[in-house]
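Engineer: Before I ask anything, here is the structure I am working with.
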There are 2 protein chains.
Amino acid sequence: MASSSHPSAPCAACKFLRRKCIQGCVFSPYFPPEDPTKFANVHKIFGASNVSKLLNEIAPHQREDAVNSLAYEAEARLKDPVYGCVGAISVLQRQVLRLQKELDATNADLIRFSIQDIDF
Amino acid sequence: MASSSHPSAPCAACKFLRRKCIQGCVFSPYFPPEDPTKFANVHKIFGASNVSKLLNEIAPHQREDAVNSLAYEAEARLKDPVYGCVGAISVLQRQVLRLQKELDATNADLIRFSIQDIDF
């Protein structure tokens, strides 16, 4: 049984790996058969064995978040094989620096205005 | 030969995988023997075969950046098995939103000051 909502269909991982989807399959709650790309991506970047090991090492209530973050990383790596999601981190870091600089400058303008108001 | 700077030592990848480090080894320029952790991390998260495939699919001049981004992702996943470096992306995204909001408010204050100055 893949999951309660798909009693007869194997999960996307077992279908991809051409194996029987047994009850308690570590992949089935997170890789529904209707989304085969999610597993294909994660498999291509991390490998089924590494994902299975990782899932078994973390608490069941955190596995969905783990799978979703792995799927995000895998998709980013397939789109950008050189930087993957580290590219997004660099863009965001630059954005934070730019905004912080702009905020500092605006605050300095505000202080200048306040001083002018006191002077008048 | 592992690399020109280490003519006799196998690279960290070949040492880890207990294989002969041949001339033209795809790993040796990016995994020097003096940094065994870099390869161990990347191997644990992505697997040697996936990393080798990825390196062979990208241009040689981009391979160093690719290995460094993989090493960054691997280290982040080992530190935080649930979110990996996607956790850093979430933190940065929240930081950008907070700074943008703060900047908007400061700009609004600045406009208010300017209008007051015109009124007087």
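Engineer: Every cysteine in chain A with no other Cys Cβ under 4.7 Å from its Cβ, please list them in numeric order.
Structural biologist: A:C11, A:C25, A:C85
Engineer: Which residue, A:R19, A:R98, A:R63, has the most motion in a Gaussian network model of chain A that connects Cα atoms within less than 10 Å?
Structural biologist: So, out of A:R19, A:R98, A:R63, the one fluctuating most is A:R98.
Engineer: Moving on. Provide the per-residue ³J(HN,Hα) series for the stretch A:53-63, in order, calculated from phi with Karplus coefficients 6.51, -1.76, 1.60 and θ = phi - 60°, each as a whole number of Hz, with x at glycine and proline positions.
Structural biologist: Whole-Hz 3J(HN,Hα) from phi for the stretch A:53-63: 4, 4, 5, 6, 8, 10, 5, x, 6, 9, 5.
Engineer: Evaluate the relative contact order of chain B (contact order divided by residue number), counting alpha-carbon pairs under 8 angstrom at least 6 apart; express in whole percent. Don't skip to the end; give the middle numbers.
Structural biologist: Working: 94 pairs, mean separation 18.8, N = 120.
Value for chain B: 16 percent.
Engineer: Across the residues of A:88-97, average count of Cβ atoms on other protein chains within 10 Å?
Structural biologist: The mean count of partner-chain Cβ atoms within 10 Å per residue comes to 5.
Engineer: Now a separate question. Given charges of +1 on the Cβ of Lys and Arg and -1 on the Cβ of Asp and Glu, with all other atoms neutral, how large is the dipole of the stretch B:1-79 about its Cα centre, in debye to the nearest 20?
Structural biologist: Dipole magnitude for the stretch B:1-79 comes out near 380 debye.
Engineer: Okay, moving on. Given a 1.4 Å probe and no ligands, DNA or RNA in the count, how much accessible surface is buried by B and A, both sides, to the nearest 100 Å²?
Structural biologist: 3600 Å²
Engineer: While we're looking at this one, here's another question. Using square roots of five times the C-alpha gyration tensor eigenvalues, list the equivalent-ellipsoid semi-axes of chain B in whole Å, biggest first.
Structural biologist: Values: eigenvalues 482, 51, 25 Å².
They are 49, 16, 11 Å, listed largest first.
Engineer: Using a Förster radius of 51 Å, what is the FRET efficiency between B:S90 and B:R18 based on their Cβ-Cβ separation? Nearest 0.05, please.
Structural biologist: 0.85
Engineer: Another question, then. Using the eigenvalues of the Cα gyration tensor, what equivalent ellipsoid semi-axes result for the stretch A:59-116 when each is taken as the square root of five times the eigenvalue, whole Å, largest first?
Structural biologist: Working: eigenvalues 322, 54, 5 Å².
Semi-axes from the Cα gyration tensor: 40, 16, 5 Å.
Engineer: By a straight-distance test (C-alpha under 17 Å), which lysines pair with A:K15 as possible cross-link partners, with residues fewer than eight away in the same chain excluded?
Structural biologist: By straight Cα distance, A:K15 reaches A:K38, A:K44.
Engineer: Next question. Name the most mobile residue of B:N50, B:N107, B:N41, meaning the one with the largest mean-square fluctuation, in a Gaussian network model of chain B with Cα contacts below 10 Å.
Structural biologist: Looking only at B:N50, B:N107, B:N41, the biggest GNM fluctuation is shown by B:N107.
Engineer: Within 10 Å of each Cβ in peptide A:101-109, how many partner chain Cβ atoms are there on average? Round it to a whole number, please.
Structural biologist: Going residue by residue through A:101-109 and averaging, the value is 4.
Engineer: A further question on this structure: A:C85's amide H: which non-local residues (gap 5+, or another chain) put their own amide H closer than 5 Å, with H modeled 1.01 Å from N in plane and none for Pro or chain starts?
Structural biologist: A:R77
Engineer: Further, regarding this structure: Magnitude of the Cβ-charge dipole of the protein assembly as shown, K/R +1 and D/E -1, about the Cα centre, nearest 20 debye? Don't skip to the answer; put the middle values down first.
Structural biologist: On the way: 28 positive and 26 negative charges, 391 e Å.
With only Lys, Arg, Asp and Glu charged at Cβ, the dipole is about 1880 debye.
Engineer: Which of these, A:L17, A:L110, A:L92, has the largest mean-square fluctuation under a Gaussian network model of chain A (Cα springs below 10 Å)?
Structural biologist: Among A:L17, A:L110, A:L92, the largest GNM mean-square fluctuation belongs to A:L110.
Engineer: Short version: ³J(HN,Hα) in whole Hz for each residue of the stretch B:18-34, in order, from phi by Karplus 6.51 cos²θ - 1.76 cosθ + 1.60 (θ = phi - 60°), x for Gly and Pro, what are they?
Structural biologist: 6, 10, 6, 8, 7, 4, x, 3, 5, 8, 3, x, 10, 10, x, x, 7
Engineer: Which shape class applies to the protein assembly as shown: rounded if a/c is under 1.5, otherwise prolate when a/b exceeds b/c and oblate if not, where a ≥ b ≥ c are the square roots of the Cα gyration tensor eigenvalues? Don't jump to the answer; show the numbers that get you there.
Structural biologist: On the way: a/c = 3.53, a/b = 1.59, b/c = 2.21.
It comes out oblate by the Cα gyration axes.
Engineer: Which value at 222 nm does the protein assembly as shown reach when only helices count, each DSSP H run of 4 or more adding -39,500 (n - 2.57), with the total divided by all residues and rounded to the nearest 500 deg cm²/dmol? Display every interim value, and only then the final one.
Structural biologist: Working: 10 runs with 155 residues, N = 240.
Computed ellipticity for the protein assembly as shown at 222 nm equals -21500 deg cm²/dmol.
The values are calculated or read from the model by the stated rules, or taken from the named source; none is laboratory data. Fair warning: this is a prediction, and the values are worked out from it, not measured in the lab. When we count neighbours, we look across all protein chains shown, and the Cβ atoms used for this are built from the backbone with ideal geometry, even at glycine. The area values use the complete protein model at the heavy-atom level, side chains included, leaving out ligands, DNA and RNA. Shrake-Rupley method; radii C 1.70, N 1.55, O 1.52, S 1.80 Å.
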